Amino acid sequence: MTLRKILTTSAAAGLMAVAGFAGSAFADIKVGFIGSLSSDTGLSTLRGAEMAIEELNAAGGMNGEKIVLVTADTQEDVTEGVKAYEYLAETEKADFIISGSIDDVSLGWMPRMQEYQIPTLDTWTSSISIIDMVVKDPELMAPYFMNIASDEALATLYINFGADVLKKKMGWDSVVILAEDTAFGQAITGLVTEAISPVAGIEVKDTIVYDVGTVDFAPIFSKAQATGADFIYQVSSVNSQVISSQYVKLQVPMPMTGVNVSALGMEYWEDTGGAGGGISTLSPVPSVGFKLDPVSADFVKRYQAKYTSRPKMPHFNGFNAYYGLKQAMAAAAEVGGFKDAKKWSKAMEKQDLVLKLDGKMSLRYGFWGKDEVEPVTKRTYPHNARFDLTAPYDDAQPSMVVVQWKEDGSVGVVYPFEFATTEFTVPSWIKK
Amino acid sequence: MSAKLEIRNLVKKFGGLTATNDVSFTIEPGQSVGLIGPNGAGKTTIFSQIMGEHPQTKGEILIDGKEISHLATPQRIHAGVSRTYQVPRPFSEMSVAENIRVGLMPDSIWDMITRGPNREREVEIASAIGLGEDQLERLPSELSMGDLRKLEMARTLATSPRLMLLDEVFAGLTVNEIAVISDLVQSMRDDGMTFLIVSHDLKALEPLVDHAIAINHGEVIAQGQYQDVMGSDIVRASYLGTA
Amino acid sequence: MNLRWHHFALWALFIVGMFALPQFVSNGTLRTMIFANFLAIFAISWDTLSGRTGYISFGHPFLIGIGAYTTAILTHRFDFPVEISIPIAVIATMVGGLIVLLPALRIKGSYFALVTLAMMELVYQLVQVVRPDLTGGTRGMSGLPTLTRGAANGYYMSVSLMLAIALSMWLIMKTRLGTALSAIGMNEEAVSGSGLSVTKLKMTAFLMSAFIAGLGGAVYIHYLGSIAPRALFDINFVFTIIVAALIGGAGTTIGPIAGAFFLTFLLEYLRPWLPGAERYMVYSGLALLIYMYQPKGMWALMTQATFKSKIRP
Amino acid sequence: MLQVLIQGLLLSGLYALIAVGFTLIFSVGRVLNLAYGAYLLIGGYAYFYFAQTLGMPKFAGVLMAGIFGCVLGLLKFQLIVKPLKGNHVAIEISTLILAVFLQSTVIFVFGDSSKILLPIIPGVERVAGAAIPFSNLFAAIASWIILLSLWWFVRSTHMGRAMQAVSMDAKGAAISGVDANRVNMFTWGLSGALGAIAGVFFASYTQLYPGMWVAPLIIAVAVVIVGGIGSIIGTLIVAHIVGFLEILTSAYIAPELRGVFTMLLIIVILVWRPSGLFGREEL
């Protein structure tokens, strides 16, 4: 079984290489994918891009030019990421690069993007520090776009969840934060701590920082319980399965919510062997359990018909890649290709796609204007995906939703209420 | 060329085991002394204490009246004492010339870099020890056991010692090779070198030494003129294993 | 000194060839060669300590990391110019490495290897925890000043540095110091028995190695433009450096260079066929085979083929 | 207090289980098997494939993991360790390369996203505010039983004494009629099986991912180095020192400094007393 898989995969890889090579010889528009080829995250972006390209080519390509896709694996390694970007730029001479890279990998190749000035779209990285670079040096960063809401926006909306659900509905008054010792953990913790007591009226009893290699969370959970807080707020982007599955295995008698990156995909249930019930996390949209508009639902249907391996359903970045690539091509068609990155950038800024469900705004793929100040956070987000932080979310989709996995393996959106498909509950082992 | 060696109350303990117990002796400049005793008597341990490879637990070692017991091995070598090993372990991937070169090096990194090797001196030492010029570029693996012993002595001689400790110099050699090494030691004696020699081959040892120190169980049991020592009952008994 | 005119002729040919290369190859290939040059520098640094004296370092990124982080923090947080921060980084690597690893040089073999490995892990964890406002924590830092732009410039910079280091190391190793260092690797006891202070020699080897690692690490980081702890203090990075030196031929100067180029190009040329992590299967499988067949590396294999009698089994 | 004690014992038991196989190889073969972590990796994935993907009974999954580990151990000995004839540095380096090879093979076959294993024995009991998952309790008790029986085995059985003889002096053992090759085969196979089974428990408590060989390797190295070569009881004791150090750091200092103290412990012990706390003095 395994051997056969190896054989078929290598045969397929060989064929793909031949096809890719043959294709590249006649290519007019070359799209480079940069990301991990063996992670769900990377594959979501890759496949979203693949499907968009297929559709575009079926419709005659970009201004009549055929679009081909080349890939470069980052293995989620920073140095490999730099090499991969160089490979796409120098050897493949890609016209446009679509990225499913994780944060530190994107930050790693960013100096190369600045050097080559190749139009680049990030679909997964949400690091606000990259948007800050755009603010600081819009010229240098002109070819760069990020069509996921940056982490600051994610955290901001999360505070509202705290006020509306955790405080008002559940009646919780105090929290203990369990954060990993990463920059992501630090950023989110900072945002939450600063805002959660004044805005949501929840007292932060303690912040416990743990190292991402932690093997055993038992003493950490004990420490959290000892604070006497009403619930745990976790911030976990690396090895998130460990903390969530140990939470379930140890049946920690304390509710837990927060950010858990591993719970963002349909595979979460399978990957945790069913030991993931009760975990809730914020997720960029469209998340698992998110009610999809007809266009997106059709995309997922065709996706599932086309791919049989993981991920079963594209993560949010798969949607971002699918729509984002089409927008990039539309912008290129407008200005006669990708050669003039500045012109393309101007056209890309104007791209705006609104997807409606039952006549209401469901998803919007557009970007913040250069000087447009977001009213809640009172700052600008140039080249960042447009999001809306206030109900009724009529300008764009919310920057995030909160999803919760139930103990029966189902998953649904619990917040914002406008998008909710299920209600926020605590795991059954917690006696109230 | 000569040095005086004084050993005072040398004690060496390995864990609970006492390897040398209160060993004292003196070797006058220019003397050649045989260190004899049965297997495991502590001969090699005495060598390694003199060289500082295994520092003594107690006692003192003096060269020409100067205490060296607290010095590191290289400094003891600069004080004028040098040894060979029972099993020759040359630098296996270096030529004969390079092996000698290591012995000739000054202990100064700067000198090592700025000054090239002294080819003449290398050849001189090699030929003094009986290694032909054609052998200089050979690897140790291409040498006979006798030549390996010579190489060992050459590297030791390169450090310009005034006192040489020879450990089982005749082990594994043919009669002819023994004769060559023996001549070599003889001629160095004539030049005034002080020797302390360990050998099981008493026949080969006899012509090379004038004095002897016999030890057993880590203690000196007899010392004096070679013939006297060899003639003493206690020494005979120790060799027969009855003491 | 065993210097012959044809050695210099070969070096001259090599240097001229390397500098002429940008005329003949594509920018993509040049980019790959830049990484090969840096890997060669790190492999030479590793070889200076481990290949020669036999003190195997499993924590070499520890040294590279001190250099890289020092210059990254100085330029990024305190706006030091690169010309000042790089020399400081080199000195910091030598001093910092010495303070930390000096006690370790008295232990041998596997134990030394383990201390260096533990050192690397320790620094990896500390970098993320201690003063993340300076080090950038887990994400590291992006947008560091770069020394050059464009493939050709980057290539000339890296190849000059690599050749300068390689040539000086080759010359130093040709002196009696090189002989003495190799002697430690063969029989440390006999070196001190020849009146040489082994500690002093090991320290010299260590300082040279740290100098190269610090310099290479600092310039490397200003080539990349970003720094991340996960990319530096990583067992896979150690692995790449050691394998480059060993596959090429430890204890020689040309070996680590050859190994670095061979491995970097192997990975890069496999990319169109095996875009993902499968490349590492081929890479490590091949490395294992070569190493098991000839632990002295490809350089020995080649010389073996040409002068059968000169090489010992 | 009791809570810390319970948590400490459970984690230490897991660490002891991880270190057992490593101790065995280090004391008999005297080689640092840097691919030791790969046994845990292979064991974990074998269990995942057989028990979770194919749905075989859990016990069969653990058994398959053990078999895979054992075979890997034997192959490693025959193909790498034996041909290198006791060249320690070469063995360390080639086992390191092997570990990377196995890691990329696992990525190739299973992908590199991490997976969570179901607990081997489901269920959890609370005592004094500390949760005791039955799986971990089982792992801890198993590690004590395995280590103590290993201690007994080495002392009292023919094979055990042969192993001791080989570990002290391979040549001498050969002269006295011990078949060193057989002893080594036995040791490598056993070490592989133990490592793979430890991998199932380790992965089922944490997660299964291709890079998971590094952390257990470091734990095993820490335990064995600090404990000292060939000291089985030392292994048991030091696994508890390392485990409790981690729990105490998490509980009373700062969880993020968890690994820092373990690394410091290794460095200090190696530099100050390379033979380990309980090892024989040699080197």
Paramagnetic reach from B:Asp210 (point 7 Å along Cα→Cβ, amide N under 12 Å) across segment B:17-38: B:28-33
In deg cm²/dmol, rounded to the nearest 500, the helical mean residue ellipticity at 222 nm of chain A, built from -39500 (n - 2.57) for every DSSP H run of length 4 or more, is -12000 deg cm²/dmol
Across the alpha-carbon set of segment D:17-213, Rg over Rh with Rh taken as the Kirkwood radius works out to 1.01
Multiply the residue separation of D:Leu277 and D:Ile233 by 0.36 nm, subtract the distance between their alpha-carbon atoms, and state the gained length in nm to one decimal. 14.7 nm
Among A:Ala328, A:Ala149, A:Ala58, residue whose mean-square fluctuation peaks in a GNM of chain A (springs only between Cα atoms under 10 Å): A:Ala58
Of the residues A:Thr272, A:Thr214, A:Thr71, which exhibits the maximal mean-square fluctuation in a Gaussian network model of chain A defined by a 10 Å Cα contact cut-off? A:Thr214
Using the basic label-point model (7 angstrom from Cα toward the beta carbon), what is the A:Asp352 to A:Asp394 distance in nanometres? 1.5
Let me know the mean shielding of D:262-275 by other chains, meaning the per-residue number of their Cβ atoms within 10 Å of its Cβ. 5
Using the crude model of +1 on Lys and Arg Cβ and -1 on Asp and Glu Cβ, and no other charge, please compute the dipole size for chain A relative to its Cα centre, in debye to 20. 880
Once the Cα atoms of the protein assembly as shown are picked out, what are the Rg and Dmax in Å? 34.5, 120
For D:His240, B:His78, write out the residues from largest to smallest accessible area, computed with a 1.4 angstrom probe and no ligands counted. B:His78, D:His240
Between the alpha carbon centres of segment A:277-314 and segment D:113-174 the gap in Å comes to 44
Evaluate Rg over Rh across segment C:137-180, taking Cα atoms for both radii and Kirkwood's formula for Rh. 1.26
Taking each residue of B:71-83 in turn, how many C-beta atoms of other protein chains fall within 10 Å of its C-beta, and what is the average? 3
Give me the mean projected area, in nm² to one decimal, of the convex hull enclosing the Cα positions of chain B. 13.4
Which value, in Å³ per residue, describes the convex hull spanned by the Cα atoms of chain A? 141
What angle do you read, to the nearest 10 degrees and between 0 and 90, between the alpha-carbon axis of helix A:294-306 and the longest principal axis of chain A? 70
Given a 1.4 Å probe, the accessible area of chain A per residue, as a whole number of Å², is 34
Residues of type lysines that D:Lys76 reaches as a straight line, Cα spacing below 19 Å, ignoring anything fewer than 8 places off in the same chain: D:Lys85
Given a Förster distance of 41 Å, report the FRET efficiency between C:Ala152 and A:Val295 from their Cβ-Cβ distance, rounded to the nearest 0.05. 0.30
Tell me, which residues of segment A:219-235 get at least 30 Å² less accessible area when the other protein chains come in, versus the chain alone (1.4 Å probe)? A:Pro219, A:Ser222, A:Lys223
Between segment B:184-243 and segment C:146-162, how far is it from one alpha carbon centroid to the other, in angstrom? 70
R0 of 30 Å, Cβ-Cβ distance A:Lys136-C:Phe78: FRET efficiency to nearest 0.05: 0.95
On a straight-distance basis, which aspartates and glutamates could pair with B:Lys203 in a cross-link, Cα separation under 15 angstrom, same-chain partners fewer than 8 positions away excluded? B:Glu168, B:Glu177, B:Asp183
Can you compute the modelled spin-label distance between B:Trp110 and D:Phe134, with each label point 7 Å from Cα toward Cβ, in nm? 7.5
Taking chain D and counting helices only, DSSP H stretches of n ≥ 4 at -39,500 (n - 2.57) each over all residues, the nearest-500 ellipticity at 222 nm comes to -23000 deg cm²/dmol
If DNA, RNA and ligands are ignored and the probe is 1.4 Å, what is the ranking of B:Ile46, D:Ile121 by accessible area, most exposed first? D:Ile121, B:Ile46
Counting other chain Cβ atoms within 10 Å of each Cβ in A:81-90 and taking the mean gives 5
Share of carbon and sulfur in the accessible heavy-atom surface of segment C:5-233 [1.4 Å probe, %]: 69
Taking a label point 7 Å from the Cα of B:Gln186 along Cα-to-Cβ, the residues of segment B:24-39 whose backbone nitrogen sits under 16 Å from it are B:32
What does the helix-only formula give at 222 nm for chain C: each DSSP H stretch with n ≥ 4 adding -39500 (n - 2.57), the total divided by the residues, and the result rounded to the nearest 500 deg cm²/dmol? -24000 deg cm²/dmol
Can you work out the base-10 log of I(q)/I(0) for segment A:114-157 at q = 0.18 1/Å, using the Debye formula on its C-alpha atoms alone? -0.51
Cα-Cα over 23 Å, subset of A:Lys406/D:Lys115; C:Lys296/D:Lys82; A:Lys167/D:Lys115; A:Lys30/A:Lys312; A:Lys406/D:Lys58: A:Lys167/D:Lys115; A:Lys30/A:Lys312; A:Lys406/D:Lys58
Once you place label points 7 Å from the Cα toward the Cβ at B:Tyr239 and A:Thr422, how far apart are they in nm? 9.5
Where the centroid of each part is defined by its Cα atoms, how far is segment A:316-358 from segment C:202-271 in Å? 41
To the nearest 100 Å², how much accessible surface do chains A and C hide from each other in total, with a 1.4 Å probe? 3100
Report the FRET efficiency, 1/(1 + (r/R0)^6), for B:Leu202 and D:Met185, where r is their Cβ-Cβ distance and R0 is 60 Å, rounded to 0.05. 0.80
Integer Hz, Karplus 6.51/-1.76/1.60 couplings in order for segment C:96-102, x for Gly and Pro: x, x, 5, 4, 7, 9, 4
Whole-Å semi-axes of the ellipsoid equivalent to segment C:5-233 (Cα gyration tensor, √5λ, descending): 29, 26, 13
Top of D:Ser104, D:Ser113, D:Ser143 by mean-square fluctuation, Gaussian network on chain D, Cα under 10 Å: D:Ser113
In terms of solvent-accessible area of protein heavy atoms at a 1.4 angstrom probe, what is the ranking of B:Arg189, C:Arg271, highest value first? B:Arg189, C:Arg271
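The values are calculated or read from the model by the stated rules, or taken from the named source; none is laboratory data. Note that the structure is predicted; figures quoted are calculated from it, not measured. No Cβ is skipped: glycine too gets one built from the backbone with ideal geometry, and neighbour counts run over all protein chains shown. The area values use the complete protein model at the heavy-atom level, side chains included, leaving out ligands, DNA and RNA. Shrake-Rupley method; radii C 1.70, N 1.55, O 1.52, S 1.80 Å.
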